[in-house]
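Participant: Okay, here's the structure, questions in a sec.
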Amino acid sequence: MKTYTNTGNKDTRSGFGAGLTELGKTNENVVALCADLIGSLKMDDFKANHPERFFQVGIAEANMIGLAAGMTIGGKIPFTGTFANFSTGRVYDQIRQSVAYSDKNVKICASHAGLTLGEDGATHQILEDIGLMKMLPGMTVINPCDYNQTKAATIAIAKHHGPVYLRFGRPKVANFTPEEQTFEIGKALHLIDGTDVTIVATGHLVWEALEAAKVLNAEGISAEVINIHTIKPLDNEAIIKSVSKTGCIVTAEEHNFLGGLGESVARVLATNKPTPQEFVATNDTFGESGTPEQLMEKYGLNSDAIVKAAQTVIKRK
């Protein structure tokens, strides 16, 4: 079984900052807007080196989205930055009307997503943002798994014309994908080949899926692991091809099971190849205060939960 090495824990929000820094050097049309969270979004370097292309909007997220939409008319490529809760729920009307409906080339970059925001608690731990954003016509939804992939995704979306939602997080997590990589929107990445069960994961749960595959392998269960970094457009072909071999699937995400990756996969299976499926996700609930590790364990978003789900779904074949 192929194994992956964690080269050192790094936060994915820093991957965004590094990607934005690179874009600042290579694409003069890229502009950045922030809602009073420059340090949290790691936008400091871009601001320092390109002050004429950086706009501090303050705690006025709706205004930020409107400004970004307007800037695209002049050919600019705006990257907006704030917490995921404020990037989506607080400004959904502005995104729908001014960005998605008008097909504006705005990149909505959202940090501190999911339970791993930690101690800030339920009011900040949005677990429904993927559902909100994927339902908007024309919106691309990307949820990379580590620092390196987040940096690559940030660079890649500047070349993609149309609205994009890029989701990343606060905590330091395993960094295991190649430092130099080409990010292809909508193309799933096969990490481990397997024959008994398919595990498709997104974001922070990808590393947990790899850890689960090790445990399952020790039990004689061959798990196929796929990194779904792009939730919309979803790589339907990769999912169908995998379950045609394994006969069952587990979806894993740091998001409500309602509206997330799991439901998108279920739709693909229902319309193409009905297959037993288990969901590793939050169960229609808000979060609470706690360390990221405590919350991921309590809400069943770790390798142990993925192992149990795989064992369950195999019995349903």
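Participant: Does Gly220 satisfy being on the phi > 0 side of the Ramachandran plot and either under 14 Å from the mean Cα position of the chain (by Cα) or crowded, with 24+ Cβ neighbours inside 10 Å (or both)?
Facilitator: Judged against the criteria, Gly220 is not a match.
Participant: Mind listing whichever residues of region 261-317 are in a loop (DSSP other than H, G, I, E, B) and either over 22 Å from the mean Cα position of the chain (by Cα) or without any contact (Cβ under 8 Å) to a residue 24 or more places away in the chain (or both)?
Facilitator: Across region 261-317, the qualifying residues are Lys273, Pro274, Thr275, Pro276, Gly300, Arg316, Lys317.
Participant: Would you pick out the residues in region 245-260 that are within 17 Å of the chain's Cα centre (by Cα) and in a loop (DSSP other than H, G, I, E, B)?
Facilitator: Matches in region 245-260: Phe257, Leu258, Gly259, Gly260.
Participant: Would a scan of region 251-265 turn up a residue that is at pLDDT 95 or above, touching a Ser or Thr at 6+ places or on another chain (Cβ under 9 Å) and under 17 Å from Thr195 (Cα atoms)?
Facilitator: Yes, region 251-265 has at least one match.
Participant: Quick check on this structure: which one of Ala68, Ala60, Ala84, Ala110 is among the small types (Gly, Ala, Ser), crowded, with 23+ Cβ neighbours inside 10 Å and farther than 20 Å from Asp11 by Cβ?
Facilitator: Going through Ala68, Ala60, Ala84, Ala110 in turn, the sole match is Ala68.
Participant: Looking at Asn27, is it touching a residue at least 60 places away in the same chain (Cβ under 8 Å), under 19 Å from Arg167 (Cα atoms) and surrounded by fewer than 20 Cβ atoms within 10 Å (Cβ to Cβ)?
Facilitator: Taking the combined requirement at face value, the residue does not satisfy it.
For every residue, the table says whether it meets (1) closer than 17 Å to Val141 by Cα; (2) in contact with a strand residue (DSSP E or B) (Cβ under 9 Å, 6 or more places away or on another chain).
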| site | (1), (2) |
| --- | --- |
| Asn217 | no, yes |
| Ile221 | no, yes |
| Glu254 | yes, yes |
| Gly259 | yes, no |
| Leu269 | no, yes |
| Thr282 | no, yes |
| Leu295 | no, no |
| Tyr299 | no, yes |
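The values are calculated or read from the model by the stated rules, or taken from the named source; none is laboratory data. Everything numeric here is computed off the predicted structure, so don't read it as measured data. Counting neighbours? That spans all protein chains shown, and the Cβs are built from the backbone with ideal geometry, glycine included.
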